Amino acid sequence: MEKKYLDAGYQQYERNYTIKVQYREYIVVCPEFRKGAAEASPIVILPDFMIPGRPYPVYVYLFAIRLYSTRPDKGQRWAAAETRKQFGLTTFSHTTLGRAMKAFACTIEENALTTDLGVERISNAKVKPSGFPTVRATASIREKAAEFLSKRLVTMPVRRTVIDYCWLAREQFKEYGRFLL
């Protein structure tokens, strides 16, 4: 891809992102391409595990969502604690999981993959989560998230491999042109 953009007259730069995993912070250097005027939108090539603006790789969020969604007897605090243990994180709270669940539910809704996710429509194109949900209110979201992930990750139990989650994120981006979260 780099050759394609350079041959088309783009200039190459670097964009750095910081992610946290296994009790460490890593800097991920991604190629950025710009053409012409400074106001032109840059093109950044990201690895499958990155979500710009999020401190953890996509597989951390998807693991937490899947774990929380498939265990209706457990809460967000439990799922967040298990996620911290699994990926060696010092901070991954239940509120982080809640925000990720909301973003995931909105993405699924906007991609028209499921309906009835406990969100309210704002115009024809925008979906906005309604407040911080209670355990009872998240039941539908949890079921839909579990169904969505189960249909796409059918080969293994809840503890998926990193590659499976990254594959899912890449396929969703290729199909819909947007991040899962």
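Restricting segment 11-60 to residues that are at pLDDT 90 or above and among the basic types (Lys, Arg) leaves a set whose member that is nearest to the chain's Cα centre (by Cα) is Arg54. Candidates Phe63, Phe92: the one that is in a loop (DSSP other than H, G, I, E, B) and at pLDDT 90 or above is Phe92. The set of residues from segment 35-83 being surrounded by fewer than 16 Cβ atoms within 10 Å (Cβ to Cβ) and of a type in the set (Lys, Arg) comprises Lys35, Arg71, Lys74, Arg77. Taking the conditions exactly as written (part of a helix (DSSP H, G or I), at pLDDT 85 or above and at negative phi), does Gln86 satisfy them or not? When the stated conditions are applied, Gln86 passes them.
The values are calculated or read from the model by the stated rules, or taken from the named source; none is laboratory data. Computed from a predicted model, the values in this text were never measured in an experiment. All Cβ positions, even for glycine, are placed from backbone atoms using ideal geometry, and neighbour counts span all protein chains on display.
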